[in-house]
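Written out below as structure tokens is the structure these notes cover.
The values are calculated or read from the model by the stated rules, or taken from the named source; none is laboratory data. Note that the coordinates shown come from a computational prediction; the quantities given were computed from them, not determined experimentally. With ideal geometry, Cβ positions are generated from the backbone for all residues, glycine too; neighbour counts draw on all protein chains shown.
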Amino acid sequence: MKPIIYLLIVGLLIDHLVYANDRFDFNPIAHTKSRIIIGQKVQINDDPVYQFLGVPYAEPPLGSNRFERPKSLNESSGSRFVWAQKFKPTCMQMKHLAKAINPLLDVDQIHEKIPVMVWLPGEGFDFADARQFSGAYLASIGKVIVVTVQYRVGVFGFLKDNAGLWDQLEALRWINENIEQFNGDPNDVTLFGRFTGSMSISILLSSPEIIQSPKPLFNRAILMSGIAVGQWVFNMKNTLKANKMIDVHDCGDLECLKSIPAETILEKSGYGWKPTIESDLIIDEPLNALQRGQFPKFIDSIMLGSNQFEGSLCLLKHLATDEKFYLKLIQNNISSEDFDRIIREDLQMFYGDDQQFSRYRWTYQQNDRDTYLHFCSELLIESHMKNYYDSILNRIQQNPQFGLKNIYRYKVDYKPKFSIAPGFINSSIHGDDVLLAFGLAFKQQQMAIENQIDQQISNKMIQLFSRFAIDGQPPSDSNHFIEIKSPNLPSAPSSSEAITRVFHPSIIETILAENCRWTSNNVSVMLIILSIILFVLFMISLVTIIRLLSGQSSSSSLS
């Protein structure tokens, strides 16, 4: 078995990069424009994997660079040799989450240019850590390079000028210029992410910086559980927040804030930092831009996806804000009065009023707990995903010259063994598709925690993503909606029994009621709450993964 290449870029630097070189048995080497990058070889199951950790893609955002757009890497400064064998410190954020890029490549194709998948993490614009998931299994099974990108978040990423999004753009430029040195194809790049990572992709797809780029920086995208919509995502009062930070630290201007210790800034920054619509990178909301035809002509394929129980986000919301109601939800003991109250409160917060309440109540005939969590799925994720999907379909139908050739949707309805979903939820919750796509089931196998169905479904998710990255379409050759379902069989099903395909967008049975086309301008507080919720979810997931991997050797590429 030939070695595998795996690349990871973290926090304004490439934190993990891998390349195969016959002259080096133990220390793989890659050459960029002016640097020699020395990595390490580790073992993933029976496959050797070459890793490069801590490789810079931009100048550190320190001192006068704090809060500013990233500055391109000065290739002439510093040592010519980069020892890339350890993760570097993460970018500042709550609980010290970080920025990273992570590519992975199979050397069976070492003389060919390999498709590249670039991952944008995101648990709210206050939290993101690209080191959370290793791309090793996705790369080795899917035969692609996997790159996970760290970018600034919170006050450091969004106090001024959307610096966190400019980090993403700078990382894409670095990849475009350097990925060939790792046998990657700069003309075959798929950008993928979940929640605020996915929201970031929707922003980039409508950005003039991408649309007018002299070189296409990516040509495909997978958006997982997130579209950037309204005050749900965008900060309309960025100047006020910046002025407040200046006042809190008794500063006269932003330059003064750059001299204050980063830990002090972070401690007093709070939550709720978000992108701002401005004149360069973001000139409008993605849906508005898309409806005007503002979309990159070089994007040939898009896939959107979500989990059956995205409403699990509301469970953690109530755990943080209303423990009594949370316990009622867990025990399935909410009264009609509870149900009416919480639906009206959420509609008021997101939609501005509760006039659609009775229509929604008639839409579903389940128990109140399931109905409410289904409602949360639509309110937070599904309605925006559907509107984006429909808008793209409309543009394709109205304009044959629209560059996009393929659009797909997937839905995961499978609860893996490693899911942190409560017992009463028998389906996938927010983030389970990510764990399946990154091959956590195969990591469990290393720990002798085997589950044949988990591994079959995980393999299907990996094939779904990697074939889309390679060919611009999933393993089947027809436009379709793909549903990944829990098998209702007493024994492990074959992989074909675990996947159901519905073959035309027109026959997809939507779960969205007409009244759930949310256009609320009153969601700022909710995004802050959900940022905290997602961080809690991230930490629970991380603890679960750490426990699963606690017996692994230090050669694991996830740290």
Among 393, 347, 380, which is the only one that is modelled with pLDDT of 70 or more and surrounded by fewer than 20 Cβ atoms within 10 Å (Cβ to Cβ)? 393
Can you tell me which of (1) assigned by TED's automatic domain parsing to the domain that holds residue 161; (2) without any contact (Cβ under 8 Å) to a residue 60 or more places away in the chain is the one residue 328 doesn't meet? (1)
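Residue-wise test of (1) at pLDDT 85 or above; (2) under 16 Å from the mean Cα position of the chain (by Cα); (3) outside the structural domain of residue 443 (by TED's automatic domain parsing).
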{"position": "115", "(1), (2), (3)": "yes, no, yes"}
{"position": "121", "(1), (2), (3)": "yes, yes, yes"}
{"position": "130", "(1), (2), (3)": "no, yes, yes"}
{"position": "140", "(1), (2), (3)": "no, no, yes"}
{"position": "152", "(1), (2), (3)": "yes, yes, yes"}
Does residue 292 meet the test of being in the same structural domain as residue 469 (by TED's automatic domain parsing), basic (Lys, Arg), exposed (fewer than 15 other Cβ atoms within 10 Å of the Cβ) and free of Cβ contacts under 8 Å to residues at least 40 places away in the same chain? no
Take the conditions modelled with pLDDT of 80 or more, buried (at least 19 other Cβ atoms within 10 Å of the Cβ) and within 17 Å of residue 204 (Cα to Cα) and apply them to residue 265. Does it pass? no
When segment 194-212 is examined, which residues are found to be crowded, with 24+ Cβ neighbours inside 10 Å, not aliphatic (A, V, I, L, M) and not in a loop (DSSP other than H, G, I, E, B)? 194, 196, 197, 198, 200, 202
Number of positions in segment 110-166 that are in a loop (DSSP other than H, G, I, E, B) and either buried (at least 24 other Cβ atoms within 10 Å of the Cβ) or not charged (D, E, K, R) (or both): 21
Could you tell me how many of the residues in segment 120-179 are under 16 Å from residue 233 (Cβ atoms), touching a strand residue (DSSP E or B) at 6+ places or on another chain (Cβ under 9 Å) and among the small types (Gly, Ala, Ser)? 2
Within segment 194-225, how many residues are in contact with a strand residue (DSSP E or B) (Cβ under 9 Å, 6 or more places away or on another chain) and farther than 16 Å from residue 301 by Cβ? 8
Looking at (1) in contact (Cβ under 8 Å) with a residue 60 or more places away in the chain; (2) touching a Phe, Trp or Tyr at 6+ places or on another chain (Cβ under 7 Å), which is the one condition that is false for residue 168? (1)
